[in-house]
Amino acid sequence: MPRSSHPRCKGFGAVRQVGHALNHWGQDHIRQILSGVNERSSTGEVDVTGWAFIRDEPGGRDAYKRWVALRADASRDEHWLWKARQRTAGGSERALTDCAEVVVSRLAAMLRIPAADCRFAVRDGELGVISRNVSPPGFSLNVATTYLPEVPGYSRRPPAPKPGEGLGRMRLDEGYTLDAVEQVLADVAPPPGTAGQNAFASFAGYLVLDALVANTDRHPGNWAILERDRDGRRFLAPTYDHGSALGAGLTDEKRRSRSVAAFARRGIANSFAPPGQALVDLACEAVRRSGATVWLDRVAALDNDAVREKLVAPSGRLSDVASKFMFEVIMENRRRLCHVNSVEG
């Protein structure tokens, strides 16, 4: 389908011109870092077996995550988080968490949404992904749970002492609303290297990305704020950790039998209050409040063939069934995002 024939979101004006200057961890710097990496050109996998171990990463559902770097003395922005594939189907199969991370990273780049750069990786023969540190030198990174308690009405319950007990991690936050996010970001700058919009407008872009890829994992531990060491100024960090998107935890058997439209409709903004909000509705509300219609214009302009290219993976990583399902989820959610706003517009 040619670009000119793509559906547009009715009720939206011309795409806003939002300048995105390359910051000091932009694409040129990434290419410099990867220039010495043992990357298998035929498969697009980075072999990090011989990389230096920096530290383990605690928390989350991944039992095996660790920070690695090409050199032991690499600066912090040259650290990459290695994550092996997670288990699914009761532990009998590997989830496509690596594929979800890489595909969403590529889509974010298409939409010019600041996001962690992710690459397919192998470590000691095990399939996984590496995600680049979003905290550049001279900054500290704190997840949103550090700042949300400053907002009246927000509280966080303590986690259960043992797995399987008490409330799930998606239900620990009370008062985690779009209003609370907007208040936290009121005095926060957009991600470094981004110009022309405020932090909440950038966050609206993150929610649009979530809706597009069916990422239900935007809990307060999955987005963060950067604080600049020299003056304490706060910036929204690029978005990261999208391993649960695109139905990564499904088996191919379920992908074959499941309706894509029904799957997309079940995309709920977990953690956010009030409960049960559709990802599409939350994203469109954030766009309405922030005026950042640019994100929906860019979603509407996505080229089908270009999206398919983002689903290319090394041999053995992504089945035809999974690739087709993920593509159709993206296209269905693009349609839904445009439809909701054509009605509102």
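Kindly state which helices (runs of 4 or more DSSP H) lie completely within region 194-272 and contain at least 3 residues that are within 20 Å of Leu178 (Cβ to Cβ) and in contact (Cβ under 8 Å) with a residue 40 or more places away in the chain.
In region 194-272, 199-213 are the helices (runs of 4 or more DSSP H) which contain 3 or more residues that are within 20 Å of Leu178 (Cβ to Cβ) and in contact (Cβ under 8 Å) with a residue 40 or more places away in the chain.
Residue-wise test of (1) β-branched (Val, Ile, Thr); (2) crowded, with 16+ Cβ neighbours inside 10 Å; (3) free of Cβ contacts under 8 Å to residues at least 24 places away in the same chain; (4) touching a His at 6+ places or on another chain (Cβ under 7 Å).
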{"position": "Ala286", "(1), (2), (3), (4)": "no, yes, no, no"}
{"position": "Val294", "(1), (2), (3), (4)": "yes, yes, no, no"}
{"position": "Ala301", "(1), (2), (3), (4)": "no, yes, no, yes"}
{"position": "Glu309", "(1), (2), (3), (4)": "no, no, yes, no"}
{"position": "Ala313", "(1), (2), (3), (4)": "no, yes, no, no"}
{"position": "Arg317", "(1), (2), (3), (4)": "no, yes, no, no"}
{"position": "Ile330", "(1), (2), (3), (4)": "yes, yes, no, no"}
{"position": "Leu337", "(1), (2), (3), (4)": "no, yes, no, no"}
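From Asp217, Asp210, grab the single residue that is of a type in the set (D, E, K, R), under 11 Å from the mean Cα position of the chain (by Cα) and surrounded by fewer than 23 Cβ atoms within 10 Å (Cβ to Cβ).
The conditions single out Asp217.
I'm checking my understanding of the structure. Among residues of region 327-345 that are at pLDDT 95 or above and acidic (Asp, Glu), which one is nearest to Gly247 (Cα to Cα)?
Glu328
Output the residues belonging to region 223-280 that are of a type in the set (Val, Ile, Thr), surrounded by 24 or more Cβ atoms within 10 Å (Cβ to Cβ) and in contact with an Asp or Glu (Cβ under 9 Å, 6 or more places away or on another chain).
Within region 223-280, just Thr239 meets the criteria.
Anything in region 290-318 that is in a helix (DSSP H, G or I) and either under 22 Å from Ala262 (Cα atoms) or touching a helix residue (DSSP H, G or I) at 6+ places or on another chain (Cβ under 7 Å) (or both)? List them, or say none.
Hits for region 290-318 are Ser290, Trp295, Leu296, Arg298, Val299, Ala300, Asn304, Ala306, Val307, Arg308, Lys310.
Look at Ala108 and say whether it is small (Gly, Ala, Ser) and at pLDDT 95 or above.
So Ala108 passes the test.
Identify the residue in region 175-193 that is assigned to a helix (DSSP H, G or I) and among the β-branched types (Val, Ile, Thr) and, among all such residues, is farthest from Val104 (Cα to Cα).
Val184
The values are calculated or read from the model by the stated rules, or taken from the named source; none is laboratory data. Just so we're clear, the structure is a prediction, and the values are computed from it rather than from any experiment. In this analysis, Cβ positions are derived from the backbone assuming ideal geometry, glycine residues included, and neighbour counts consider all displayed protein chains.
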